[in-house]
2 protein chains.
Amino acid sequence: MIIIFGATGDLTKRKLLPAINNLHKKGLIDCPVICIGRRDISNTEYIKLVGLKSSDSFSKLIHYFKTDLTESNNPLFVKFIKKEFKEHKCKGKLFYFAIPQKLFKPVIDLIKASKLLSGGWNRVVFEKPFGYDLVTAKELNKQVSTIFKEKDIYRIDHFLGKELVQNIQVLRFTNSIFEQMWSNEFIDNVQVIMDEKVLVGSRGGYYDNAGAVRDMVQNHAMQILSLIAMEPPKRMTNEEIIKEKIKVLKALKPVKPSDIVLGQYKGYRGERGVDPHSDTETFTALKFNINNDRWKGVPFYIRTGKALSKSLTEVNLVLKRVKSDLICKNEVPNIISIRIKPEEGVSIRFNNKLPGHGLETSPVKMDFCHRCLFDNNPEAYEVLIHEVFMGNKGLFTSWDEVVHSWKFIDDLLSKNGKVRKYERGSSGSMIARKLLSKDRREWVEIN
Amino acid sequence: MIIIFGATGDLTKRKLLPAINNLHKKGLIDCPVICIGRRDISNTEYIKLVGLKSSDSFSKLIHYFKTDLTESNNPLFVKFIKKEFKEHKCKGKLFYFAIPQKLFKPVIDLIKASKLLSGGWNRVVFEKPFGYDLVTAKELNKQVSTIFKEKDIYRIDHFLGKELVQNIQVLRFTNSIFEQMWSNEFIDNVQVIMDEKVLVGSRGGYYDNAGAVRDMVQNHAMQILSLIAMEPPKRMTNEEIIKEKIKVLKALKPVKPSDIVLGQYKGYRGERGVDPHSDTETFTALKFNINNDRWKGVPFYIRTGKALSKSLTEVNLVLKRVKSDLICKNEVPNIISIRIKPEEGVSIRFNNKLPGHGLETSPVKMDFCHRCLFDNNPEAYEVLIHEVFMGNKGLFTSWDEVVHSWKFIDDLLSKNGKVRKYERGSSGSMIARKLLSKDRREWVEIN
């Protein structure tokens, strides 16, 4: 049984229900989906609202239930859930918190008061970011922990459900060509690029409080960074992998103010839900350093922002140049690119001979188009909700990761510099050009 | 001025004249092309015979001259050449020996007696193989050397004119991802595959005397092998490169009889020009070992043959497996493939995560399609003839290479084992499966 708090929200409509629907179609989920919202609408109206047809077999699983989440004494709610659970012989309950953080406590109180956590498994799913900083994250975790054990708490970072993010470990640990390259001996720098064309849209209220660092870096970027940088775990178990990921977070050197670039797109202050005097960053570029043997001297550059010229998420490992200088005209360094979205794939940029006489070189690309081969990658939410059902925590953020990530980000944000304005449609590479050019490097531009 | 001996032969018609025509179209060659043959035909008839139109500007450069090459006293021939040379203010003479080896001596005598080697540069081009073994190669070279200096002798191995063969050095020396991989630390074995679908065709007379080892291995395979295996030269000069290539040839260990596979396709004995009792091999697979630090323990497998199921020439560097055994279900070793023909390109086979839950792997390929990007690669002969005009010997086989290659091949052929019959259309991998399976390896199959 799935109980979604925040039934009429954007996430539920756009991501959760389509994902659960797909799992249903594949025969992986066949239990009631209780959608809890404030709006006074009928089940039929709700099904229409979320864009489903009442004739669909999936629609028959959906039950809209109107309730005020701030009321912990809610006997109707309890009765409804218990009846449904019993009737459908459900094996467990998945509580999905698709609601603003301020509602987390009331809902936890509601669950606690309702004594719903008996019978089968009970798991709870939170959206990122988990907390606003280390203090609030701890507070939230304390509240959740009064009713859920850590093993039953699933903190979503939907990037971890993305096929190409999951692929990182396979690439590293099953291919000698990558395995051997994975250190400062061969890598010059790593670039994690998460550019977005979209503006802040309908998320102004949330976003203006968070900003790009909390919205994207604290979670997505830190996850990708730790997957890329971690030492090989002893075994590929969730426990051992998390142990290694945390070691990376702990080894991050505090960021210097000069290694932080913050920007805000022009017109942001006029967006709905945004403070007209807001200094929230909608763009950031950061230089991280990891204090260990493998990555000594290898900067990790992180970049993300809204209202940029392109939408793409990719990890670029820029290799050191060749040792020999036998042929040296237009040579470029090799780049291993892992494209996470939208065009999933893996590529290597290399120098090729320019046809004709002599040894002039030209940079070209060897490409693996993931989508061309596997054309039906499940959406991240589909993957993740299924994992919760299976009780696999491998693709979720552990509490320790949250702690160490916030520790680092809190320190970083305390050094907040000036937020510079940029034109909508700017290139992320241009806005943050100096961050790399002062190191005599360039942002990777692969198209 | 170009003087082709063997005007009516297959090579002249199919390769040389089209190549010279292309160079003419590009404005790189604008001098008379004297085509010497035995047939008593007019210039017009000759132009038609080689598939040209008399209205083409290129046809105007062509002058057919009938003569008996075995007659060294040939005043008409001399007069004709001298007249043409003077009239067109040619800068030099390129003598192209597109004739059977038995005619080399008479033609050399003819050139010598004619005193044609004055005025401008004089260069001579020989087709491979140069000689039949070390003894005959030395004999031939002695004859040639009576009139040409080594610097003016161009021994063609047309593989060296192929863009992707020339590319090998650029790939190795300008890309750290390849440079660092290039040793027994990372490479498990190298496979040079030169399969041909064609039968012996009209070349039976020549081929039955030569066989696959002399026709393909002594020249093409040895060139590719030495380009792949050579140490980085001190500088990218022809001299330094040849020095390193020869070191490889010298470091080749004598081949054991058990490392030689020979085959003959069924029906070969009935081909035109072939001895009905012939034991000539039309297929060979060989295992070579290089006795130096870089390649200790890395076998180089060579395979070539006619009447096979596919036509392709490629070099495959099969990498060692990963050191970690974290994920080990269906992992395959990485392979760097350099496709020389027909689909020029570079690819890397690697293990990718199979989409879905868990860490199952699936072998996939990152590919660079050379032809897709550079759709107009000049044909090898065009490249090579132009190089002769420019006086660049870099893409030709030096005398020392010929010597060391024949030394090695003579030894190999002295161990000739049984020639086994194989069906036409067989797969090369199947015929020579055991050669690798006894080493617990497999031929690379990339499509």
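The values are calculated or read from the model by the stated rules, or taken from the named source; none is laboratory data. Since this is a predicted model, take the numbers as computed values, not measurements. Virtual Cβ from ideal backbone geometry, glycine too; neighbours counted across all protein chains shown.
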Worksheet item: Somewhere in the range A:231-242, is a residue of a type in the set (A, V, I, L, M, F, W, C) and under 13 Å from the mean Cα position of the chain (by Cα)?
Response: no
Discussion item. For the range A:339-370: of the residues being basic (K, R) and facing chain B (nearest Cβ under 7 Å), which is nearest to the chain's Cα centre (by Cα)?
Written reply: A:K365
Item to complete: Could you list, in sequence order, all residues of the range A:38-56 that are among the charged types (D, E, K, R) and either part of a loop (DSSP other than H, G, I, E, B) or within 18 Å of A:I20 (Cα to Cα) (or both)?
Response: A:R38, A:R39, A:D40, A:K48, A:K53, A:D56
Worksheet, complete the sentence: Given the conditions (1) closer than 18 Å to B:E196 by Cβ; (2) loosely packed, with under 15 Cβ neighbours inside 10 Å, every one holds for B:A432 apart from (2)
Practice prompt. Would you please name the residue that is nearest to the other protein chains (Cβ to nearest Cβ), looking only at residues in the range B:170-196 that are part of a strand (DSSP E or B) and within 14 Å of B:A229 (Cβ to Cβ)?
Written response: B:I187
Item to complete: Give me the pairs, please: first residue somewhere in the range A:140-162 and in contact (Cβ under 8 Å) with a residue 24 or more places away in the chain, second residue anywhere and among the basic types (K, R) and part of a helix (DSSP H, G or I), beta-carbon distance under 7 Å, and either six or more positions apart or on two chains.
Response: A:Q143/A:K105; A:T146/A:K112; A:I147/A:K112
Fill in: Selection status of B:R321, more than 30 Å from A:G391 (Cβ to Cβ), at pLDDT below 95 and among the charged types (D, E, K, R)
yes
Worksheet item: Among the residues of the range A:394-409, is any closer than 22 Å to B:R371 by Cα, crowded, with 19+ Cβ neighbours inside 10 Å and of a type in the set (S, T, Y)?
Response: no
Discussion item. Is it the case, given these coordinates, that A:E314 is touching a residue at least 24 places away in the same chain (Cβ under 8 Å), more than 14 Å from chain B (Cβ to nearest Cβ), in a strand (DSSP E or B) and acidic (D, E)?
Written reply: yes
Practice prompt. Have a look at A:V248, A:V213 and point out the one that is in contact with a strand residue (DSSP E or B) (Cβ under 9 Å, 6 or more places away or on another chain) and without any contact (Cβ under 8 Å) to a residue 60 or more places away in the chain.
Written response: A:V248
Worksheet item: Cβ-Cβ below 8 Å, separation at least six or inter-chain, first residue in the range B:341-358 and within 30 Å of A:P355 (Cα to Cα), second among the basic types (K, R) and assigned to a strand (DSSP E or B): which pairs?
Response: B:G345/B:R339; B:V346/B:R339; B:S347/B:R339; B:S347/B:K365; B:I348/B:K365; B:R349/B:K365; B:F350/B:K365
Worksheet item: List, please: which pairs have Cβ atoms under 9 Å, are six or more places apart or on different chains, and start with a residue in the range A:323-334 that is touching a residue at least 40 places away in the same chain (Cβ under 8 Å) and end with one that is surrounded by 15 or more Cβ atoms within 10 Å (Cβ to Cβ) and outside any loop (DSSP other than H, G, I, E, B)?
Response: A:P333/A:D188; A:P333/A:V318; A:P333/A:L319; A:P333/A:R349; A:P333/B:S176
Worksheet item: Taking the stated definitions as given, is B:Y46 surrounded by 19 or more Cβ atoms within 10 Å (Cβ to Cβ) and out of contact with any Pro (no Cβ under 8 Å at 6 or more places or on another chain)?
Response: yes
Worksheet item: What single numbered condition from (1) part of a loop (DSSP other than H, G, I, E, B); (2) under 23 Å from A:A221 (Cα atoms) fails to hold for A:I327?
Response: (2)
Response to the item:
Flagged pairs (Cβ under 8 angstrom, 6 or more apart or on separate chains; first in the range B:371-388, facing chain A (nearest Cβ under 10 Å); second β-branched (V, I, T) and not in a loop (DSSP other than H, G, I, E, B)) are B:L373/A:V364
Discussion item. Please count how many residues of the range B:206-241 are more than 14 Å from chain A (Cβ to nearest Cβ) and not acidic (D, E).
Written reply: 21
Worksheet item: For B:I336, are the conditions met, namely being of a type in the set (A, V, I, L, M) and facing chain A (nearest Cβ under 10 Å)?
Response: yes
Worksheet item: When you look at B:V165, is it within 14 Å of chain A (Cβ to nearest Cβ), within 24 Å of B:E344 (Cβ to Cβ) and buried (at least 22 other Cβ atoms within 10 Å of the Cβ), yes or no?
Response: yes
Practice prompt. Output the residues belonging to the range A:6-37 that are more than 23 Å from A:I108 (Cβ to Cβ), small (G, A, S) and assigned to a loop (DSSP other than H, G, I, E, B).
Written response: A:G27
Worksheet item: Would you say A:I260 is in contact with a helix residue (DSSP H, G or I) (Cβ under 9 Å, 6 or more places away or on another chain), β-branched (V, I, T), at pLDDT below 95 and farther than 28 Å from A:I348 by Cβ?
Response: no
Worksheet item: How many of the residues making up the range B:385-413 are basic (K, R) and part of a loop (DSSP other than H, G, I, E, B)?
Response: 1
Discussion item. If I go through the range B:348-360 residue by residue, how many of them are surrounded by fewer than 23 Cβ atoms within 10 Å (Cβ to Cβ) and either of a type outside the set (G, A, S) or at pLDDT 90 or above (or both)?
Written reply: 5
Worksheet item: Would the range B:414-422 turn up any residue that is within 23 Å of the chain's Cα centre (by Cα), in contact (Cβ under 8 Å) with a residue 40 or more places away in the chain and either within 30 Å of B:D152 (Cα to Cα) or assigned to a helix (DSSP H, G or I) (or both)?
Response: no
